[in-house]
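Remarks on the structure that follows.
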Amino acid sequence: MSSAIIEDPLATSVPSKALTPEEIPAAVQEELQATPFIDVHTHVFMPSLGKLGLWGIDELITYHYLEAELFRSSDISPEAYWQLSKGEKADAIWKALFVENSPISEATRGVVAVLNAFGLPDLAEARRFFAAQDLRAHVRQVFKLAGISEVVMTNDPLDPEEAPLWESGAEPDSQFHPVLRLDRILNKWTDHWRVLLAKGYAVQEDAGGKSASEVRRFLAEWHTRMRPVYMAISLPDTFQFPEQSVRGRLLAEAVLPSCREFRIPLSLMIGVRYQVNPELRLAGDGVGRADLRAVEHLCTSYPGNRFLISVLSRENQHELCVYARKFSNLMPFGCWWFLNNPSIVEEITRERLEMLGTSFIPQHSDARVLEQVIYKWRNTRRTMAPILSNAYNLLASDGRAVTRLDIRNDITRLFRTNFERMSE
Ligand code: HDL
Ligand code: ZN
């Protein structure tokens, strides 16, 4: 993990005098702005992974969040839409969501914010600008505009496009941390066990026999190759653990011991109802309330494992906070996917601060297109500022002086150290 780029607060002229209630909001804003964040879950890729990485205006506009919104504001059918080229898809979305209607949803406003960040007046100018960019220089500029020092990727060792790039030695990048994503193994074993078999792992269709130890060998080989900062899986709202299933067995006998061996967390993102509308493809997933007793069992039965957990249902958030109070090996993170909207982020973040203090990770971007980090982190800072100011004003009015150093240290813990310490 790269060291924090913020200078030692004590070495700067950060005053440790008590702030007045009137001074707190500005201090919070400034410290949020000055602290580079770690983005703990994204779908962006380091430049050495080539075309896997999505960036530029046509990718921004054809983000699956916007594709879902298109079909509510246009007569085009999904079937017709999928026949279009990337540029034609972007044109259709731009017309429906940005010209014929005001782009006031979270995802449409995000594109406006990115265009504004680069001073781009329209789609044509934006296309010319992005076409002229050198990717590596552009990444540095985008991270600077987003106020992030590094991102965590999502890397799939069974993706036929991505795996060969790692196997042929993709150049690592200190600003892009790899993650071993396990959905194809744990959720889609029947579709993928033969790929492992063909690679020389003695696995079986029922995941019996040596399958678990062979999956563990596979994970060890990819840990050596990729050096992931954690392993991750997305899970349905029906997720149960323990469970007499392939997923239950491979989690218990391969993934959890492997994470302990390599001293890296396991990230569980729970609550997806996959493909509730398959016509929308990547935009077709929904949300369901999960039974978090599976989390309770994992944290209780595997005290040597550390869990990064995000849940997709708003109704599960309070339970997750309560579980985090019971288990110090549980780190709640982010306001995931359908929750990443200011109205819900505020509710979730306030209850986390009230119940957990600064012992959680408030947000991740889940960015799929590079430049999305610019608006997703602008929005996070904008939503966080009044929440933190309110918390500090309550603290001050209850009798504890608040200094700028307190604020800086808390923000550093929330957006950097809580994550960095998960992999120590
Ligand atoms: O499984 C995941 O990591 C989710 O974040 C999905 O990628 C989802 O489609 C998404 O992009 N959410 O923001
Ligand atoms: Zn994601």
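Each reported figure results from applying straightforward, stated rules to the coordinates on display, with no laboratory input. Since the model is a prediction, treat every value here as computed from it, not as a measurement. Ideal geometry is used to build each Cβ from the backbone, glycine not excepted, and the neighbour counts take in all protein chains shown.
Here are the numbers for this structure:
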| quantity | calculated |
| --- | --- |
| Ordering of 257-263, 270-276 by burial proxy (mean other Cβ atoms within 10 Å per residue, highest first) | 270-276, 257-263 |
| Stokes-Einstein D (µm²/s) once Rh is taken as the Kirkwood radius of the stretch 79-221 over alpha-carbon pairs, at 10 °C in 1.306 mPa s | 83 |
| Estimated inter-spin distance, Ser245 and Leu395, nm [label 7 Å along Cα→Cβ] | 4.2 |
| Cα→Cβ-extended label distance, 7 Å offset, between Arg225 and Glu171, nm | 2.0 |
| Volume per residue of the C-alpha convex hull in the stretch 15-167, rounded to whole Å³ | 174 |
| Value of Rg/Rh across the chain [Cα atoms, Kirkwood radius] | 0.97 |
| Computed lengthening from Thr403 to Ser423, 0.36 nm per intervening residue step minus Cα-Cα distance | 4.2 nm |
| For the stretch 353-398 versus the stretch 78-117, the gap between their alpha-carbon centres in whole angstrom | 27 |
| CD proxy at 222 nm, helix term only [per DSSP H run n ≥ 4: -39500 (n - 2.57); per residue of the chain; nearest 500] | -12500 deg cm²/dmol |
| Where labels lie 7 Å past Cα in the beta-carbon direction, separation of His64 and Asn101 in nm | 2.0 |
| Cα pair distances of the stretch 278-394 binned at 5 Å [whole percent] | 2, 10, 20, 21, 19, 14, 10, 4, 1, 0 |
| Chain lengthening between Glu261 and Glu346 when straightened (0.36 nm per residue, less Cα-Cα) | 26.9 nm |
| Mean projected area (nm²) of the alpha-carbon convex hull when the stretch 118-193 is viewed from all directions | 7.5 |
| Total lysine pairs whose alpha carbons fall under 22 Å of each other in the chain (8 or more apart, or interchain) | 7 |
| Qualifying GluC sites (Glu not before Pro) in the stretch 9-97, DSSP loop, other Cβ atoms within 10 Å at most 11 | Glu22 |
| Extension gain (nm, one decimal) between Asn329 and Asp75, 0.36 nm per residue minus Cα-Cα | 86.5 nm |
| Translational diffusion of the stretch 368-422, µm² s⁻¹ [Kirkwood Rh, Cα pairs; Stokes-Einstein; 37 °C; 0.692 mPa s] | 254 |
| Distance histogram in 5 Å bins (all Cα pairs of the stretch 280-332, percent per bin) | 4, 20, 29, 19, 11, 8, 6, 2, 0 |
